[in-house]
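Novice: Below are the structure tokens for one structure; questions will follow.
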Amino acid sequence: MTTVTPEQAGTGTRTDAPVLLVAYDGSPMSESQLHLAARSANDIGGQVRVLYVVLRNWHLPLDVPLSREEEERANALFDQAESIVTRYGVPCVMECDRARSIGEAIVADAAESAARMIFIGLRDSNRLGTSLFISGTLRHVLQNAPCPVQIGYLPAGLPEHFALDGEGR
């Protein structure tokens, strides 16, 4: 795992503060969930933990360092996340994990950090009028999470900016 220290993230952390874990990929729904988690952390005196997972195929060992492109992507996402969390003045830790399964990485991180809640976004990419398709990642998180899960949902057909309405964009 690669951890961005609180100093690098620009905010400090308290070890006794409730942890709100955000599964973050930079999408509008994950940004919306980050705003919600930061507001919630502000309300309860908690800290936000931003988790970005780099998916590794089965041919690569998990301990292989990030490629330059992967590292640049992670740093760009963390810069984006930091600009959001800073608005709320809450402690934040940002972590990049390498895993074979995003869902398993989210659940493991939630357990390890004793997260009080997981915030995750869902974009319905199905056609209008069809039933909601829950990804394997979300299904795994819902079935195995050690804490409650907050799902942000953006129905198909709605522009992505609807996920960010009221979030300062």
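Novice: Which residues' amide hydrogens lie under 5 Å from the amide hydrogen of Val90, considering only partners 5 or more residues apart or on another chain, with H built in the peptide plane?
Specialist: Correct list: empty.
Novice: Sort Cys96, Cys147 so that the residue with the fewest other Cβ atoms within 10 Å of its own Cβ comes first and the one with the most comes last.
Specialist: In order of increasing Cβ crowding within 10 Å: Cys147, Cys96.
Novice: List the residues whose amide H sits under 5 Å from the amide H of Gly152, counting only those 5 or more places along or on another chain, with H placed 1.01 Å from N in the peptide plane.
Specialist: Excluding prolines and chain starts, which carry no amide H, the hits are Ile120, Gly121, Leu122.
Novice: If you rank Tyr88, Tyr153, Tyr52 by fewest surrounding Cβ atoms within 10 Å, what's the result?
Specialist: Tyr153, Tyr88, Tyr52
Novice: OK, next. Residue by residue through segment 41-47, what is 3J(HN,Hα) from phi via Karplus (6.51 cos²θ - 1.76 cosθ + 1.60, θ = phi - 60°)? Round to whole Hz and write x for glycine and proline.
Specialist: Here the 3J(HN,Hα) series is 4, 4, 5, 9, x, x, 10 Hz.
None of the figures in this text is laboratory data; all of them are computed from the coordinates on show. Keep in mind the model is a prediction, meaning the values are calculated, not measured. Cβ coordinates were reconstructed from backbone atoms using ideal geometry, including for glycine residues, and neighbour counts include every protein chain displayed.
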